[in-house]
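What follows is a single structure, written as structure tokens, with notes after it.
Bear in mind these aren't lab numbers, they're just calculated from the coordinates by the rules spelled out. Please read these numbers as outputs of a predicted model, since none were measured by experiment. Glycine gets a Cβ as well: all are built from the backbone with ideal geometry, and neighbour counts include every protein chain shown.
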């Protein structure tokens, strides 16, 4: 069954012109609900009910943190709204309903002229030391909320900032105080760590593309400040693929259009994972892009300033056996659709003495979001 949808500048949503909503949801229910601008509900036929019931019985024993799974890419081109579209209201009302979501453990911190949104768990007196978590593009520190909560309870002092231009942190217009270059991200992080009073050496956790990669190049330039490093799915070698999103952002005009897609972050997460985000989580990843054009243009500028292949090579060489001697845990989601397992294995071969590879079954590109419990177990053992 095919439904047509439109692009609405008012809602700042970019949805494909035709979307196939025929994929099934793995739940023992005859009603299949999909995220769509008109919140389309499809009733399964009797034959589909019978097939679904038998398959559901096979899946009952498997834990699924999302409630349902799908590998049908059509489900990733929709957006969740109210079950009753008439109650959704205009874009201002939508923002008002979700603007206080996703700020668990967070507060605003001023560092120079920039205001960061920083999540914190544990305390400065935590007996097991400090861990700093850095997210990748185009997401935010919200992805670490469960991991840092549990590690805070386990005795660690945890910080997870939203990079400048992302999440709830400031998003300066390019050319006016911040140009989204690697050096500026590094300098801004230095100042923030000083304001937060993070004492060296501390433990660092990094995940993702672009600003995630800058977290790793920052570590290479500041190895004396790092005691242990944990890397979740990130591009680590010159053979690492570059997702289509970042390639599209480099095209003139098309990049300007693409960066204003309000569902850019949630769709990026889902395309790298076998799971579809629940509505309450998608709301948070969507909110910054829905509220203004700032985060989209920040992402656009950062993507165009980045030297992806050069950075990937720098990371591979910098963490090689003859150059890096600190313990590294490489916790890798096996279902990552952006970065195959071979990237992790190739990276580990460059420094087998110091890099330990931990494979996380069932998790995709963002293990901390897909299966935080397994990430917590791996990090607790390592730290």
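Numbers below:
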{"read-out": "Percent antiparallel among DSSP beta bridges (both partners in the stretch 106-382, rounded to 5)", "value": "35"}
{"read-out": "Computed E for residue 257/residue 309 - FRET, C-beta separation, R0 35 angstrom, nearest 0.05", "value": "0.90"}
{"read-out": "Kirkwood Rh and Cα Rg combined as Rg over Rh, evaluated for the stretch 183-342", "value": "0.97"}
{"read-out": "10 Å-binned pair-distance histogram of the stretch 106-382 (Cα, whole percent)", "value": "7, 32, 40, 20, 2, 0"}
{"read-out": "Gained length - residue 380 relative to residue 239, 0.36 nm times residue gap less alpha-carbon distance", "value": "47.7 nm"}
{"read-out": "Least to most buried among 286, 271 (fewest other Cβ within 10 Å first)", "value": "271, 286"}
{"read-out": "Pairwise centroid distance, computed over Cα atoms, of the stretch 328-358 with the stretch 125-156, Å", "value": "21"}
{"read-out": "Inter-probe distance in nm under a simple model that places probes 7 Å from Cα toward Cβ, at residue 321 and residue 128", "value": "3.1"}
{"read-out": "Stretchable slack from residue 200 to residue 110, in nm (0.36 nm times residue separation minus alpha-carbon distance)", "value": "30.3 nm"}
{"read-out": "Average projection area in nm² (convex hull over Cα atoms of the stretch 258-302, one quarter of hull surface)", "value": "3.1"}
{"read-out": "Per-pair calculated FRET efficiency, R0 = 45 Å: residue 353 and residue 191 via Cβ, rounded to 0.05", "value": "0.85"}
